[in-house]
Amino acid sequence: MKKLKLTTGLFLALLTVSSCGNNAENAENTVNESFKVYGNCGMCEKTIEGALKDIDGIYSADWDRQTKMMAVSYDKTKHNQRELKEKISKVGYDTEDTKSTAETYDQLPACCHYDRPEK
């Protein structure tokens, strides 16, 4: 019984140490950035954030309606800011560097038609 407890304890200790190493590696590769994304309402927020949701290597994506700023946390070995902006543009929203196609923008609900920046 003592041997089983000792073996279990050692296993748990090794598991804890190995998982801490992964967190350190993830922290080293994690980038937190923010950039402007144009939009208006709660529906815009859902669509903009949804463009980056459930993508491996993107840890969080939060768009602020008031400031029009998108805060993103992601793995820099899997993604870059330009790629994230292009994903957002593909769902109809302009960023400070990328522009959605007129066709995609026109398909947005009326409440989501924001004043598009001149490029």
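Whether any residue in the stretch 83-98 is exposed (fewer than 13 other Cβ atoms within 10 Å of the Cβ), assigned to a loop (DSSP other than H, G, I, E, B) and among the β-branched types (V, I, T) is what I want to check.
no
Cβ-Cβ under 7 Å, sequence separation 6+ or interchain: first residue in the stretch 13-39 and of a type in the set (D, E) and at pLDDT below 95, partner exposed (fewer than 10 other Cβ atoms within 10 Å of the Cβ) and assigned to a loop (DSSP other than H, G, I, E, B). Which pairs?
Once the first residue is of a type in the set (D, E) and at pLDDT below 95 and sits in the stretch 13-39, no partner that is exposed (fewer than 10 other Cβ atoms within 10 Å of the Cβ) and assigned to a loop (DSSP other than H, G, I, E, B) comes close enough.
If I go through the stretch 34-46 residue by residue, how many of them are part of a strand (DSSP E or B) and of a type outside the set (V, I, T)?
Within the stretch 34-46, the first condition is being part of a strand (DSSP E or B), and the residues that meet it are 34-37.
Within this subset, residues satisfying the condition of being of a type outside the set (V, I, T) are 34-36.
Counting residues in the stretch 34-46 that are part of a strand (DSSP E or B) and of a type outside the set (V, I, T) gives 3.
How about the stretch 99-119: which of its residues are under 11 Å from N40 (Cα atoms) and not in a loop (DSSP other than H, G, I, E, B)?
Scanning the stretch 99-119 gives A110, C111, C112.
Pick from the stretch 71-82 the residues that are assigned to a strand (DSSP E or B) and of a type outside the set (D, E, K, R): which of them is surrounded by the most Cβ atoms within 10 Å (Cβ to Cβ)?
Y74
Just checking, does the stretch 47-70 include any residue being at pLDDT 95 or above, outside any loop (DSSP other than H, G, I, E, B) and more than 27 Å from N26 (Cβ to Cβ)?
Scanning the stretch 47-70, I find at least one residue that is at pLDDT 95 or above, outside any loop (DSSP other than H, G, I, E, B) and more than 27 Å from N26 (Cβ to Cβ), so the answer is yes.
Could you list, in sequence order, the residues of the stretch 62-104 that are closer than 19 Å to E118 by Cβ and within 11 Å of the chain's Cα centre (by Cα)?
K85, I88
The values are calculated or read from the model by the stated rules, or taken from the named source; none is laboratory data. This one's a predicted model, so the numbers in the text were calculated from it and none came from an experiment. Cβ: placed from backbone, ideal geometry, glycine included. Neighbour counts: every protein chain shown.
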